[in-house]
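This report refers to the structure that appears directly beneath it.
The values are calculated or read from the model by the stated rules, or taken from the named source; none is laboratory data. Everything numeric in this text was worked out from a predicted model, so none of it was measured. Virtual Cβ from ideal backbone geometry, glycine too; neighbours counted across all protein chains shown. Note: areas computed on protein heavy atoms with side chains; ligands, DNA, RNA excluded. Shrake-Rupley method; radii C 1.70, N 1.55, O 1.52, S 1.80 Å.
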Amino acid sequence: MSPQEPSAPPAVWNSLEGLAYGGDYNPEQWPADTRMEDLELMKEAGVTFLSVGIFSWALLEPSEGEYDFAWLDEVMDNLAGAGIKVALATATAAPPAWLVRKHPEILPVTADGTVLGPGSRRHYTPSSAVYRRYATGITRVLAERYKDHPALALWHVDNELGCHVSEFYGDEDAAAFRRWLEGRYGTIEALNASWGTAFWSQHYASFEEILPPAVAPSTLNPGQQLDFQRFNSWALMDYYRSLLGVLREVTPGVPATTNLMVSSATKSMDYFDWAKDLDVIANDHYLVAADPERHIELAFSADLTRGVAGGDPWILMEHSTSAVNWQPRNQPKMPGEMLRNSLAHVARGADAVMFFQWRQSFAGSEKFHSAMVPHGGRETRVWREVVELGASLQRIGQVRGSLVEARVAIVFDYEAWWASELDSHPSEDVKYLDLLRAFHRSLFLRGISTDFVHPSASLEGYDLVLVCTLYSVTDAAAANIASAAQAGATVLVSYFSGIVDEQDHIRLGGYPGAFRDLLGISVEEFHPLLAGGTVKLSDGGAGSVWSEHVHVSGAAVGEASGAAVEASGGGASAEVLATFTEYPLDGVPALTRRSVGAGSALYLATFPDRNGIEALVDRLLAESGVSAVAVADPGVELTRRRTADGASFVFAINHSRADATVRVAGRELLTGKPFTGTVPASGVAVIAED
Ligand code: GLA
């Protein structure tokens, strides 16, 4: 919203009690008697919050300008009567058949020119003016109709923007891309300079000549590719804003959001940027059943969601009670896993727990996707666990509004993710998330919480800051990271960080240009390893993926080994902590450390093996003074949430199949009894600390 528009609506939390509980509710798939039974079952489960109408457009407006609200009126009234609040959808995530028939130009086009047709969902391009006209139209009709409805607590704008398709190559998208570029660069010469179009005769004489980077004989211009990623993220957000504008106009007092897909699998949207226009962060998260460490991926995604939320409480808008239907083999959740998953999200900052979906469909392509009410009804394990979860959330309601404590920050940037994985790079094995997740995993297993922080956001209060594969970085962000070290933090920077600026232009004079002075090192040449290759290190470990020719600043080639050498520009010397020990890099630094102000800056020039990561994390924790939430047996996930007035809650989630000891004193809220010090096998304890 622009600054002159009215202030933000009240927080959604004002209209919700305790930890909200529920899911997507699709009553239009069911007859009236089932809808009545739903109300009974919702009461039994303790449901308080539902997303309604996400895929309802074709039923709400069966032909252009003709509406049928009878069923939705009934549902809204009944939910209000039952004391259940609604996140009402704009119904725009699947255009009706009449609209596609009349305006096939709204359909999305892929890089190879394929038009994606109807019959599924999300078959529109966000830059279509026609689609926006119709989408804002139905949004206005819904907003006018339900603006004073007592059930309405939140607007659920569209659904999972960027799901299925997140890059748009049609003619209208190309025109929107050109307008966006003109807004960004002002002049074509500024664009030429930024994209480096002196290369390969790529110079443009006017914006009209520019196309999306679709398919070409060889690698496409990196600046063009990067801007196209930025544009697509922006276009989806701009579409969101077009609907938000209507909602703000008609219902200024009702908050709005859209459900994000923050996880290790979603790269296309810059959610830190998106967060500015959401009144509350809502996220959907699904486990990959085949991943034995799926609970760690969950923790990563939940921590990243909290980062996107700026540390504030957020809504888990969707997850699954058991199996999904879209993986190659859809395994159910193990007994108790759904409760552990749900409370793990709460442990990491969620104040609402919701599912896709309330009642398992009997028809359609999601009929084998689990739900809160399974095909088998009440006599099922899933239903019993749904009821148990509802009761559990009520028992721990007092954690609502508390914030997760963390002294470790991992710097996270979607732009660096995009830029670091562009083509024509030194190694296709450098994946943005890999090292960052290796550190997050190690910290998770030690019961240490991590915040994900955008490179431009304050790093104040963090004792340990990890900067992994931050390939592109602005001057301001590099200065922000350096000042964290000055202020006393231990800062670790990895290989392939600080290489380019935001235009993907190399920072010249020796890598990593953005961090050379901070680290007191300079890299002369990259030596990426061959597929599956490793390189031995002087500490007895090995590295993979990457090695490089590092010089400690001030030392001539070949002098770096072992000795501490004065860093350029004065200040403390950079010390070599480990070297490569193999030809042609034997003796070349692989890990360095330099004292900086009240803190330090370490540089890591390879991807250490598991033991190497653990040894490095030991060192970083010892130096920064960061320790676990509590002493506990292995296999226990730990976090602490604290309220503004100092009350604190420890979440202890036992992922092992044996009872586990946790040294925390207080009252265990799920049982209502003093905590015995034991978390049962596969169970959870939430302890209000003494
Ligand atoms: C997404 C969608 C839902 C549903 C689930 C299934 O999260 O938002 O409508 O399709 O996936 O897992």
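At a glance:
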item	result
Residues located in the stretch 330-358, provided they are open to solvent by 30 Å² or more (accessible area, probe 1.4 Å) and within 11 Å of the ligand (Cβ to nearest atom)	330
Test result for residue 327, within 14 Å of the ligand (Cβ to nearest atom), in a loop (DSSP other than H, G, I, E, B) and buried (at least 22 other Cβ atoms within 10 Å of the Cβ)	no
Filtered residue count, the stretch 311-324, keeping only those that are more than 13 Å from the ligand (Cβ to nearest atom) and open to solvent by less than 10 Å² (accessible area, probe 1.4 Å)	2
Extreme residue, surrounded by the most Cβ atoms within 10 Å (Cβ to Cβ), among residues of the stretch 628-650 that are in contact with a Gly (Cβ under 9 Å, 6 or more places away or on another chain) and under 28 Å from residue 483 (Cβ atoms)	639
Flag for residue 523 being within 12 Å of residue 580 (Cβ to Cβ), open to solvent by less than 40 Å² (accessible area, probe 1.4 Å) and over 31 Å from the mean Cα position of the chain (by Cα)	no
The stretch 256-267, subset within 13 Å of the ligand (Cβ to nearest atom) and not hydroxyl-bearing (Ser, Thr, Tyr), residue most open to solvent (accessible area, probe 1.4 Å)	265
Complete set of residues in the stretch 666-689 that are in a strand (DSSP E or B) and open to solvent by 30 Å² or more (accessible area, probe 1.4 Å)	667, 673, 674, 678, 689
Residue 280 being more than 14 Å from the ligand (Cβ to nearest atom) and either among the hydroxyl-bearing types (Ser, Thr, Tyr) or open to solvent by less than 20 Å² (accessible area, probe 1.4 Å) (or both)	yes
Test: residue in the stretch 282-305 that is polar (S, T, N, Q), more than 28 Å from residue 91 (Cβ to Cβ) and in contact with a Leu (Cβ under 9 Å, 6 or more places away or on another chain)	no
The stretch 154-169, residues that are without any contact (Cβ under 8 Å) to a residue 60 or more places away in the chain and either buried (at least 22 other Cβ atoms within 10 Å of the Cβ) or more than 13 Å from the ligand (Cβ to nearest atom) (or both)	165
Every residue from the stretch 90-120 that is within 16 Å of the ligand (Cβ to nearest atom) and touching a Pro at 6+ places or on another chain (Cβ under 9 Å)	94, 95
Positions within the stretch 290-310 being open to solvent by 10 Å² or more (accessible area, probe 1.4 Å) and charged (D, E, K, R), in sequence order	291, 293, 294, 297
Output for the stretch 47-84, where each listed residue is in contact with an Asp or Glu (Cβ under 7 Å, 6 or more places away or on another chain), away from the ligand (no atom under 16 Å from the Cβ) and β-branched (Val, Ile, Thr)	48
Hits in the stretch 294-310 (condition: of a type in the set (Val, Ile, Thr) and either within 16 Å of the ligand (Cβ to nearest atom) or more than 26 Å from residue 434 (Cα to Cα) (or both))	305
Test set (1) within 23 Å of residue 635 (Cβ to Cβ); (2) away from the ligand (no atom under 16 Å from the Cβ); (3) open to solvent by 10 Å² or more (accessible area, probe 1.4 Å) - residue 287 fails condition number	(2)
Residue list for the stretch 267-305, restricted to those being of a type in the set (A, V, I, L, M, F, W, C) and touching an Asp or Glu at 6+ places or on another chain (Cβ under 9 Å)	272, 280, 281, 282, 287, 288, 296, 299
Single condition residue 270 does not satisfy, out of (1) open to solvent by 30 Å² or more (accessible area, probe 1.4 Å); (2) more than 16 Å from the ligand (Cβ to nearest atom)	(1)
Residue count for the stretch 336-366, restricted to those that are touching an Asp or Glu at 6+ places or on another chain (Cβ under 8 Å) and assigned to a loop (DSSP other than H, G, I, E, B)	6
Members of the stretch 135-149 found to be out of contact with any strand residue (DSSP E or B) (no Cβ under 9 Å at 6 or more places or on another chain), surrounded by fewer than 22 Cβ atoms within 10 Å (Cβ to Cβ) and in contact (Cβ under 8 Å) with a residue 24 or more places away in the chain, listed by number	136, 140, 141, 144, 145, 147
Among (1) closer than 25 Å to residue 263 by Cα; (2) away from the ligand (no atom under 16 Å from the Cβ), the one test that residue 395 misses	(1)
Close pairs (8 angstrom Cβ cut-off, 6 or more residues apart or separate chains): basic (Lys, Arg) in the stretch 37-61, surrounded by fewer than 22 Cβ atoms within 10 Å (Cβ to Cβ) anywhere	43/82
Scope the stretch 97-150; condition polar (S, T, N, Q) and farther than 17 Å from residue 175 by Cβ; matching residues	110, 114, 120, 136, 139
Residue under evaluation residue 385, criteria (1) within 15 Å of the ligand (Cβ to nearest atom); (2) closer than 10 Å to residue 321 by Cβ; (3) open to solvent by 10 Å² or more (accessible area, probe 1.4 Å), criterion not met	(1)
Identity of the residue in the stretch 641-655, assigned to a loop (DSSP other than H, G, I, E, B) and small (Gly, Ala, Ser), that ends up nearest to residue 687 (Cα to Cα)	647
Residue in the stretch 215-225 that is of a type in the set (Val, Ile, Thr) and closer than 27 Å to residue 140 by Cβ present	no
Any hit, the stretch 459-467, residues being more than 24 Å from residue 520 (Cα to Cα), open to solvent by 10 Å² or more (accessible area, probe 1.4 Å) and of a type in the set (Ser, Thr, Tyr)	no
Elements of type strands (runs of 3 or more DSSP E) contained in the stretch 1-112, each with 2 or more residues being touching a Phe, Trp or Tyr at 6+ places or on another chain (Cβ under 6 Å), aliphatic (A, V, I, L, M) and open to solvent by less than 40 Å² (accessible area, probe 1.4 Å)	49-52
Residue, nearest to residue 243 (Cα to Cα), within the stretch 1-25, restricted to residues that are among the polar types (S, T, N, Q) and modelled with pLDDT under 95	2
